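Read the structure below first, then the notes.
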Amino acid sequence: MTVHKGAFAAHKHELYPPTPTALLPAVPLGLRAVLDLVVSGEATSRAEIARRTGLARSTVGQHVGHLLGHGLLEEIESGESVRGRPPRVLTLSPRAGTVAVADVDTSGAQVAIADLTGRMLARETVPVRIEAGPEAVLDAVAERVLALLERTGRDPRRVREVVLGLPGPVDVGRGCAVRPTGMPGWDGYPAAETLGVRFRAPARVDNDANLMALGEASRREADTPLLCLKIGAGMGAGLVTASGDIYRGADGAEGDVGHIPAADGGDSLCTCGNVGCVRAVASHRAVLRALGIPETTDDDLRHGERELAERIADSDPPAVRALREAATAIGEVAATLVLVYNPRTLVLGGPLSDLSDDLLSGVRAVVYRRALPLTTRALIITTTLPDGTAALHGGIVLALRDVFSAQGVARLLVDDGEAD
Ligand SMILES: [Zn+2]
């Protein structure tokens, strides 16, 4: 799977604002193919585009002229001339725009901006608790995105899409969280619409584990289906199918695996009101609680994460034991998911997975013992890439699929409506 899935990627889910389709021009397939080849770097000259698309040189010239006129592409002289005119190279113009992504977690959000080739231009952490409610969190996120745009010299009027990841069930169509636990004020709050209005751009909301799965699948060129388990305050799973799409359930609650009963769940009370859910015994939050480590302090929203990491690094016996027990419980759930979905890659993410190899080896041991040999024969079990940006990368991939969809390209051409 590649980051840029191509102009012909399916566009299945609603965005905010709803596209006034009647107002968008029909975009010729050829034009989208030309744009796609240049953006993906597969072709950088008119001759190469003609060869790759089978379009007449004059047609290619027309499409390229159109895209140059709208400021989406630029054509520069490469300077490497043998004799006569130096060859000219087509690239995506920096003026073409930017996409913005926010990955909101319980005790902080990460925001990033990327150009339309998917290259991350800047990112930053915003210290805001999700409990502060949607207005406060979205305000803080939007302000930080604007600051990143300013710092990198990108035009805030050319934000092409905003993607927001939330740690709970999400209704992608309505662009909001649905009945999330531990997120007061978020249920049904029009998060996509709020960001869409703020940036005057399409916006979408997705589950953070879904974004993490998509990010891992695209950055590693990993084998799919890829299942990603995010272990944080709760526990969520995202699945990228063999065709590179996010698997979606009927109500947006797919992957809310934290409420699967743990084998030794006992009577630990879960945020959902049941007892013995796996997130109540094996999430990062549950491990901190068992060890008596406060999750946050007034001046450090990541206090718990840091202290647990220190204790594990010092081989503190109670901490190591708690982590191993969590690994066993997580492994049980993972083994079940492996039996259901038969993924080729299983990725563990979130603060627990960064701590030590104990979690990974514990989960591996249980999965190999419990799942059937056919499902584990070629299964790769690993942790997320260590920089903690998988969900941001997933958000960028998702945004670019929209931007280069038929509607997205039509929108690019309308928004930059210099007649040509
Ligand atoms: Zn529960």
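Protection proxy ranking for 319-325, 294-300, using the average of other Cβ atoms within 10 Å per residue and placing the highest first: 319-325, 294-300. One chain, two ends: SER361 and ILE76. Fully extended at 0.36 nm per residue, the span grows by 97.5 nm beyond their Cα-Cα distance. Among the DSSP helices (H) of the chain, those spanning at least 27 angstrom by Cα along their long axis with an average Kyte-Doolittle hydropathy of -0.5 or more are 317-341; this is a geometric and hydropathy rule only. Of the residues LEU116, VAL163, LEU346, the one whose Cα sits farthest toward the positive end of the charge dipole of the chain, with +1 on the Cβ of Lys and Arg and -1 on the Cβ of Asp and Glu, is LEU116. Across all C-alpha atoms in segment 304-386, the radius of gyration and Dmax reach 13.2, 40 Å. What you get for segment 223-388, charging only the Cβ of Lys and Arg (+1) and of Asp and Glu (-1), is a dipole of about 700 debye around the Cα centre. Across the chain, the relative contact order, built from alpha-carbon pairs under 8 Å that are at least six residues apart, equals 18 percent. Between ASN274 and ASP139, the simple spin-label model (points 7 angstrom out along Cα→Cβ) gives 3.7 nm.
Subtracting the Cα-Cα distance of GLU131 and ALA406 from their residue separation scaled by 0.36 nm leaves 95.2 nm. Most simply put, segment 223-388 has about 55% antiparallel DSSP beta bridges, counting only bridges with both residues inside it.
Each Lys or Arg adds one and each Asp or Glu takes one away; over the other residues whose Cβ falls under 10 Å from the Cβ of MET235, this sums to +2. Given their separation in residues at 0.36 nm each and the Cα-Cα distance between them, ARG200 and LEU339 gain 45.7 nm when the chain is fully extended. In this Cβ point-charge picture (+1 for Lys and Arg, -1 for Asp and Glu), segment 177-308 has a dipole of about 240 debye about its Cα centre. Restriction of the GluC sites (Glu not before Pro) in segment 62-126 to DSSP coil positions whose beta-carbon has at most 13 other beta-carbons within 10 angstrom yields GLU80.
Largest first, the extents of the alpha carbon coordinates of segment 189-268 on the three principal axes equal 49, 33, 23 Å. Kirkwood analysis of the chain, using all unique Cα-Cα pairs, places the hydrodynamic radius at 22.6 Å. Carbon-plus-sulfur accessible fraction, the chain (probe radius 1.4 Å, protein heavy atoms only): 50%. Take every DSSP beta bridge with both residues inside the chain and express the antiparallel ones as a percent of the total, to the nearest 5. Just about 60 percent of them are antiparallel. With all pairs of separate Cα atoms included, segment 74-130 yields a Kirkwood hydrodynamic radius of 14.1 Å. Surface analysis of the chain yields an accessible area of 44 Å² per residue, using protein heavy atoms and a 1.4 Å probe. When the charge dipole of segment 168-256 is built from unit charges on Cβ atoms (+1 for Lys and Arg, -1 for Asp and Glu) and taken about the Cα centre, the candidate among LEU211, PRO225, GLY255 whose Cα reaches farthest toward its positive end is LEU211. Rg then Dmax, both in Å and based on the Cα atoms of segment 41-178: 20.2, 65.
Over the residues of the chain, the helix contribution to mean residue ellipticity at 222 nm works out to -12000 deg cm²/dmol, using -39500 (n - 2.57) for each DSSP H run of at least 4. Quick check: net charge around ASP387, other residues with Cβ under 11 Å of its Cβ, Lys/Arg +1 and Asp/Glu -1? Its environment carries a net charge of +1. Expressed in Å, the radius of gyration and Dmax of the Cα atoms of segment 223-388 are 15.5, 49.
The values are calculated or read from the model by the stated rules, or taken from the named source; none is laboratory data. Note that the structure is predicted; figures quoted are calculated from it, not measured. Positions of Cβ are backbone-derived with ideal geometry, glycine not excepted, and every protein chain shown enters the neighbour counts. Heavy atoms of the whole protein, side chains included, go into the accessibility calculation; ligands, DNA and RNA do not. Shrake-Rupley method; radii C 1.70, N 1.55, O 1.52, S 1.80 Å.
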